[in-house]
Amino acid sequence: MTRDTITAADAGTWTLGDKTINRIGFGAMRLTGSVAFDPSAASDRDQSIRVLRQAIDLGVNHIDTAAFYFSPLRSANELINRALAPYPEDLVITTKVGPGRDSSGGWLPWATPDQLRGQVEENLRQLGLDHLDVVNLRSFGAQSIAEHFGALADLRDAGLIRHLGVSNVGLDQLAEARAIAPVVCVQNRYGIGSRPADADDMLRMCGEAGIAFVPYFAIAGEGREGGSRGAEPELILEIARVHRATPAEVRLAWTLQQGKHVLAIPGTGNPNHLLENVAAGRLRLTPEELAQLGTLR
């Protein structure tokens, strides 16, 4: 298979809410300079629009975004609207609420339950939509999320949201949410060498419940918003050489092979990196390679 034949469909599919999507998606955070508010890391506006359109051409039909993904130069939601509207019928746009930022990029206190409607409406306005496909409530610590998730469930009942998910949550918080309304996805940190203590339990539980598990920082790992840092472990480099792949492809392939319910949302503003990310969906690691990579912490 050549680069010319790469498609997101190579990763297989999952039904997220009521739409079937390819398991390789696209995260919009890095188009703006990331939530670390570093405008120097942002891509050129025209190139960002081209990358979004290229992602769709490659079969990507799941995009992750948020109204708080913005920099002094641009907004992720505005770029998505400009590049892709009118949206393809099979496209699922997932957004997050809870955090907020002021115009200078500083973080605001987490939204109260009453403020969540304003955040939902902000996403609707920026994306040019009359409803949101999936809204994730991003947790704000270990405390209860019941009141906040209940407020989003009310907005779902009002028709502003189709489906609900949660992000950055523990097992108890997921149980709280599921007692209020159906949860279609969990978006937590997960990747080679970057897994919280309960991450494997969450992965397994989501699979048993038919909930999509959507790791973030699957490539960046502990570098988080700042991106990958330092030299790659020799094991990853060795496996990449064997498969004639990049380390990023190996990291994404390992993540996807943790379960059929696992989705990937790597983000980039670089067309070549986009091709590499999508190509990860066709890379099949051996059971031995998967086990070896899983020992990296």
List every residue pair whose Cβ atoms lie under 8 Å apart, where the two residues are 6 or more positions apart in sequence or sit on different chains, the first residue falls within the range 5-20 and is on the phi > 0 side of the Ramachandran plot, and the second residue, located anywhere, is part of a loop (DSSP other than H, G, I, E, B).
Gly12/Arg23; Gly12/Lys260; Gly17/Val184
Enumeration of residues in the range 221-267 that are at pLDDT below 90, farther than 19 Å from Ala66 by Cα and within 14 Å of the chain's Cα centre (by Cα):
Gly221
Could you look through the range 252-283, keep only residues that are assigned to a helix (DSSP H, G or I) and either out of contact with any helix residue (DSSP H, G or I) (no Cβ under 8 Å at 6 or more places or on another chain) or hydroxyl-bearing (Ser, Thr, Tyr) (or both), and pick out the one that is farthest from Ile211 (Cα to Cα)?
Asn272
Those residues that are crowded, with 21+ Cβ neighbours inside 10 Å and either touching a residue at least 40 places away in the same chain (Cβ under 8 Å) or not hydrophobic (A, V, I, L, M, F, W, C) (or both), I need them from the range 247-260; list them, please.
Glu249, Val250, Arg251, Leu252, Trp254, Thr255, Leu256
Members of the range 284-297 found to be assigned to a helix (DSSP H, G or I) and either out of contact with any helix residue (DSSP H, G or I) (no Cβ under 6 Å at 6 or more places or on another chain) or surrounded by fewer than 18 Cβ atoms within 10 Å (Cβ to Cβ) (or both), listed by number
Pro287, Glu288, Leu290, Ala291, Gln292, Gly294
Among Arg117, Arg53, Arg125, which is part of a helix (DSSP H, G or I) and over 30 Å from Ser144 (Cα atoms)?
Arg53
Scan of the range 234-251 for residues that are small (Gly, Ala, Ser) and in a helix (DSSP H, G or I), ordered by number
Ala240, Ala248
Enumeration of residues in the range 130-140 that are in a strand (DSSP E or B) and among the polar types (S, T, N, Q):
Asn136
Mind checking which pairs have a first residue in the range 146-158 that is farther than 17 Å from Cys185 by Cα and modelled with pLDDT under 95 and a second that is surrounded by 20 or more Cβ atoms within 10 Å (Cβ to Cβ) and of a type in the set (A, V, I, L, M), Cβ under 6 Å, 6 or more apart or different chains?
none
When the residues of the range 82-114 are filtered to those that are over 21 Å from Asn22 (Cβ atoms) and assigned to a strand (DSSP E or B), which remaining residue is nearest to the chain's Cα centre (by Cα)?
Val97
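The values are calculated or read from the model by the stated rules, or taken from the named source; none is laboratory data. Everything numeric here is computed off the predicted structure, so don't read it as measured data. Every residue, glycine as well, gets a Cβ built from its backbone with ideal geometry; the counts of neighbours run over all protein chains shown.
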